[in-house]
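The values are calculated or read from the model by the stated rules, or taken from the named source; none is laboratory data. Quick caveat: nothing in here was measured; it's all calculated off a predicted structure. Positions of Cβ are generated from backbone atoms using ideal geometry, with glycine treated the same way; all protein chains shown enter the neighbour counts. Side chains included, ligands, DNA and RNA excluded: accessible areas come from the protein's heavy atoms. Shrake-Rupley method; radii C 1.70, N 1.55, O 1.52, S 1.80 Å.
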Amino acid sequence: MILRELKEISVFSIGDSNKLSSWSNVPYFFSKSFEEKGIKVNRVNLEENIVLNFLYKNSVYALLKLFYPNSSHTYFRSGLNHFLIRQKIKKAIQQYPDSDLNLFLTFSFSAHQLSSKPTLLFGDWTYLYYIQNFLKREPKWFEKKTLAREKENIQSATQVLGLFPLSAVFIKNNFHAKNCHYLGNVVNADWPFNKEELLHLKTANKKIIFIGNRKYLSGALKLIEAFVELKKTQPSAELHLIGLNVAQTSKHVDGLFHHGYLDKSDEAQKQLYYQLVSGARVIVNTQAGWGSFSAITEAMYYCTPVITTAYQEFTETYGHKIGFGYYVNEDSEQELLQQLKHMMQCDATELSTLMTEAHEAVKDFTWKNYTNKVLELLED
């Protein structure tokens, strides 16, 4: 038994866990869920030094990018940052001696050799997974130390949690971590809604929503091109982009709205975000390899049908056949256009079914359920 009763926990996150803007809202909701169970939460921000980050970006990182264009070895991954963050961790452990558990919302840092208390690591994917599965290459020489530290963190942790099923399998296979688990995914939302009102609202309009930052720009541009064709037969259709602005897409199209980044920590921006999600008939992201999983899962919670690609983590979670939307080939604008037309034209009965299926698929992905599973794991 690791813990008989959890009374106090120290949560280490990259960014302020009091703010919804930190890492897709995960630190905020994870910490809040423990607090709602009557557990004291000590919040520790492990964000890197702004000045040092700027200097590294314009010196070492700039040089690395010159010779290795797809390098991602930012200041966050540097030995200097690791040393300074370790000092923060050491200080926090001394500051909170009664904490029963050290929870790290990252695989990059841990309390290894700093604390005798149990350590739980939680993350979406490891740096090695990112390099091999997203950058599609093997690690470079300057990444080896970072990867070695990550491996040490994982292998020394009491328990490890992967947010995605294949990511968890990757950790087990590549780090020989039998203590790694996948407990399901989570919806990062707390905006109240009435299901019947949502069904009526979505049926009454023809709004398409896209959520993603600059990393998803190519997917957004393909969607815009398909939207231009869609407007020829569906003049009342609208496309709303959250996370991108006009300067990034350079597109001025009738019915296209750029909202840029919406910070849920700001009440007005949060309200606009959920108005857009609540009113959207469909959410679309067909970016190659990764379609903004968390944003789509959140939109599904608000009864929003989906058009995306059949990338592995998504199909592993929801299946190769989905009743809440459609998979399309990432390279086929015609296929995307066809499904957009279908979503705009389908009758109220079919649309209601798609919307209901979307919510049903994720309704149990609550933070309350997730932290219940975490506590059960720690008691085994």
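For A111, the conditions (1) of a type outside the set (S, T, N, Q); (2) open to solvent by 50 Å² or more (accessible area, probe 1.4 Å); (3) closer than 26 Å to Y182 by Cα are fulfilled apart from (2). Just so you know, in the stretch 114-151 the residues that are assigned to a loop (DSSP other than H, G, I, E, B) and of a type in the set (D, E) include one that is surrounded by the most Cβ atoms within 10 Å (Cβ to Cβ), and it is D124. What is the residue count in the stretch 341-377 for residues that are crowded, with 16+ Cβ neighbours inside 10 Å and in a loop (DSSP other than H, G, I, E, B)? Total meeting the criteria: 3. On the basis of being open to solvent by less than 60 Å² (accessible area, probe 1.4 Å), closer than 19 Å to L163 by Cα, of a type in the set (A, V, I, L, M, F, W, C) and in contact with an Asp or Glu (Cβ under 8 Å, 6 or more places away or on another chain), does F29 make the cut? So F29 passes the test.
Between F104, F54, the distinction of being open to solvent by 30 Å² or more (accessible area, probe 1.4 Å), on the phi < 0 side of the Ramachandran plot and at pLDDT 95 or above belongs to F54 only. Filtering K40, K90 for residues that are of a type outside the set (S, T, N, Q) and in contact with an Asp or Glu (Cβ under 6 Å, 6 or more places away or on another chain) leaves a single hit, K40. Within the set Q269, Q338, Q334, the sole residue that is open to solvent by 40 Å² or more (accessible area, probe 1.4 Å), assigned to a helix (DSSP H, G or I), at pLDDT below 95 and over 15 Å from T203 (Cα atoms) turns out to be Q334.
Here is the figure for the stretch 191-223: residues that are touching a strand residue (DSSP E or B) at 6+ places or on another chain (Cβ under 9 Å) and among the hydrophobic types (A, V, I, L, M, F, W, C) total 6.
Of the helices (runs of 4 or more DSSP H) contained entirely in the stretch 13-70, those carrying at least 3 residues that are under 24 Å from S294 (Cβ atoms) fall at 26-36. Before we move on, is Q287 polar (S, T, N, Q), part of a loop (DSSP other than H, G, I, E, B) and surrounded by 15 or more Cβ atoms within 10 Å (Cβ to Cβ)? Yes; evaluated as a whole, the condition is true for this residue. Being open to solvent by less than 30 Å² (accessible area, probe 1.4 Å), within 16 Å of K57 (Cα to Cα) and outside any loop (DSSP other than H, G, I, E, B) is the filter here; which residues of the stretch 72-87 pass it? Across the stretch 72-87, the qualifying residues are Y75, N81. Of the residues making up the stretch 163-198, those that are in a loop (DSSP other than H, G, I, E, B) and of a type outside the set (D, E, K, R) number 17.
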